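Here is the structure we will look at.
Where a number appears in this text, it was derived from the coordinates with a stated rule and is not lab data. In this text, all values refer to a predicted model and were calculated from it rather than measured experimentally. Positions of Cβ are backbone-derived with ideal geometry, glycine not excepted, and every protein chain shown enters the neighbour counts.
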Amino acid sequence: MAGYGHKKIAAAVIIAAFLVATLTATAGSAGDAGGQVGIILFFDSECSHCEAAEKVLDRIGGEYGGRILVSKYDSNTATGIEMMDGYGIVEVPSMVVQEREIILYSDYENNLSKLESLLVSSINNALYDPEVEMYKEISPVKLNPGENVTVTIFMENKKNMTTDVILIDSYPGFFSILKGETAWNGTLSPGGVRNVTYVARVDPKAHSGNHKIEGAEIIYRSGDAEKSAVSNTVIIHIAVALTLFTVFLAGFVAGANPCLFAVVAFMAAMILSNTEKKIEVIKFIVFFSFGIFLVYLLTGIGLLSFASDLGSLNLVLGAITIALGIIHIYDYFYIKIKVKSLFESSKFMKGVMERMVKENSILSALGLGALFSLVKAPCVGAIYLTILNLIAVQKAELEGIVYLCVYNFGVILPILIIGTAIIVGLSPTKVDRFRKEKRAMIRLVTGIILVVLGAFLTFGMI
């Protein structure tokens with residue numbers, strides 16, 4: 001009997017050990033499935049929507065206990081800006097869940113119940129460790145209308161057995177598939193890897209700005225059960241589309257500035273006083289305009305080939321454009337205080353211009369236009385640099401030259417209009433008086449436009 005009692009104890013110990021081992025394994029498995037989830041929150045300290053989103057995130061974090069790790073980054077700091085740029089995010093509040101799912105403010109637009117639902121769904125997806133892992137990659141993420149993108153979906157079977165997989169990628173409506181397949185089905189062996197790649201063209205009429213591309217979805221077998229998993233989301237940025245009209249309009253805005261008004265009034269007054277022939281004014285202004293057109297066109301072609309070799313020059317051009325914008329804004333206050341402008345020509349330049357106008361020849365008109373385009377580049381060149389960069393990244397070389405011609409025609413058109421108005425009776429004195437009265441406000445408006453354009457260039461928004 002005693003021996004029988006020892007056997008019972010031994011059996012009980014074995015059963016207990018088995019149960020402990022089973023519970024430990026189960027706990028370990030649950031721990032793997034219910035691990036920690038990292039959430040990145042991008043915010044602005046002055047943003048009320050960010051504060052509301054943060055409260056929702058804190059409440060959900062409390063419900064999940066210590067499984068939610070939240071990292072917060074101010075969008076106004078260098079680190080915050082760099083990280084947001086890495087994800088392609090430009091709005092706050094925005095959240096990135098486990099480096100996979102991106103939740104933007106535009107996804108819920110202050111509907112906090114919807115935000116909570118999106119967060120809970122993303123967190124649960126992150127806590128669930130799929131047996132077939134996926135990752136979606138799009139290149140490039142900053143592109144232009146009409147440009148091609150390459151989409152690659154990576155899959156890896158983490159199971160220790162072969163599994164059947166069905167992949168479907170729901171691409172956006174502005175993608176046109178050029179080659180490759182957006183769906184795949186087949187088998188993945190244990191540890192097997194499969195990449196599915198396709199090339200798509202972005203619709204030339206696609207809206208500019210950021211677009212969130214949803215993740216690809218797979219369905220796979222796990223024993224007798226059918227399971228699914230979704231890949232990460234990707235944000236792409238589509239630049240502003242250039243059209244002949246927008247390029248022409250930009251040139252016209254650049255050309256309609258006090259620098260050009262002043263020189264046209266000066267030329268017309270001098271030629272009329274010397275010759276009293278309106279036809280001479282027309283001739284001089286036409287060739288003067290052609291001189292400007294020619295210099296800017298040749299300069300643009302040279303810079304266009306330079307930009308094409310080095311790729312996008314957004315940071316450099318953005319910094320230059322912002323600097324010129326600040327100078328224009330400063331000039332607004334300078335004119336108000338000193339009455340004169342920082343951009344006023346020196347006495348030497350005025351003397352040179354006077355001699356060339358008095359000569360009243362085709363060569364002198366061309367030469368004065370060329371000289372003016374170089375000396376007065378800060379008046380016209382800032383917007384020109386912006387347009388030039390857009391042309392460089394969006395257009396083929398020959399098409400780019402056509403766009404440059406249209407832009408430069410826009411620049412000289414105000415000169416031709418003012419010259420024509422003077423011929424039909426508008427007094428050069430009135431033109432000059434109007435220029436002096438409005439130049440400060442024109443400087444301020446131009447400066448603000450340039451600073452905004454420069455910021456858009458710097459952050460890759462155009």
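Quick notes on this structure:
- Neighbour counts of C-beta atoms inside 10 Å place Arg100, Arg201, Arg355 in the sequence Arg355, Arg201, Arg100, starting with the fewest.
- Packing-based exposure ordering (other Cβ within 10 Å, fewest first) of Ile39, Ile326: Ile326, Ile39
- Spin-label model distance (nm) - Ala52 vs Lys358, 7 Å beyond Cα toward Cβ: 7.1 nm
- Ranked by how many other Cβ atoms sit within 10 Å of their own Cβ, fewest first, the residues Lys205, Lys114 fall in the order Lys205, Lys114.
- Sorted largest first, the spans of the alpha carbon positions of segment 35-128 along the three principal axes are 32, 24, 20 Å.
- In this calculation the C-beta distance from Ser121 to Leu244 is compared with R0 = 35 Å, giving a FRET efficiency of 0.15.
- Span from the segment 234-288 Cα centroid across to the segment 53-78 one, whole angstrom: 54 Å
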